[in-house]
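Only the coordinates and a few stated rules stand behind these numbers; no lab work does. These numbers were taken from a predicted model, which means no experiment stands behind them. Note that each Cβ is placed from the backbone with ideal geometry, even for glycine, and that neighbours are counted across all protein chains shown.
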Amino acid sequence: MKALHLICRLNPETDRGFGVDAYDRKDPPSWVRDDAKNIFTSGFWVCGISEATELVGGRLHLHENKTERSWLSGKVIDVLLINMDFPGRWFVDEKDESNDWQPAKIRDRIVFKVEVTASTRVPTAWRGSKNKMAYSSGVLDV
């Protein structure tokens, strides 16, 4: 089975990960069934589409940092390629000298659609690259 560990820090205001969208709200997107309460997306990752599609059926583990166990893990059920050529709060990298938002430098990003179950929710230790700057373990065979 394939697995991917990513650094995904928690937003202190919402206590949710940045770029993590839970779909157990009152108005979920139309593609989420009524019984799909344990589905979330984690997105806008820089990752090759072929590498990302290897993860379907595998595990995604989100960590605050490499020394702590994952705070959210699940089974990857779909991978979406997002082109970030349009403006919006989540689709930009930085402001320029005129304080206007600029388009993201890396246009193609990945969004993982993940299902959390009792067996996948177990906090997991970081595996893969221990490099201080690494935000990803890379796709692992586990």
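Observations
- Long-range amide H partners of ASP78 with built H, under 5 Å: LYS113
- Calculated FRET efficiency for the pair MET133/ARG69, C-beta based, R₀ 25 Å, to 0.05: 0.75
- Across region 59-65, rounded Karplus estimates of 3J(HN,Hα) from the backbone phi angles (6.51 cos²θ - 1.76 cosθ + 1.60, θ = phi - 60°) give 10, 10, 10, 9, 10, 6, 7 Hz, Gly and Pro being marked x.
- CYS47 long-range amide H proximity, modeled H, under 5 Å: ILE110
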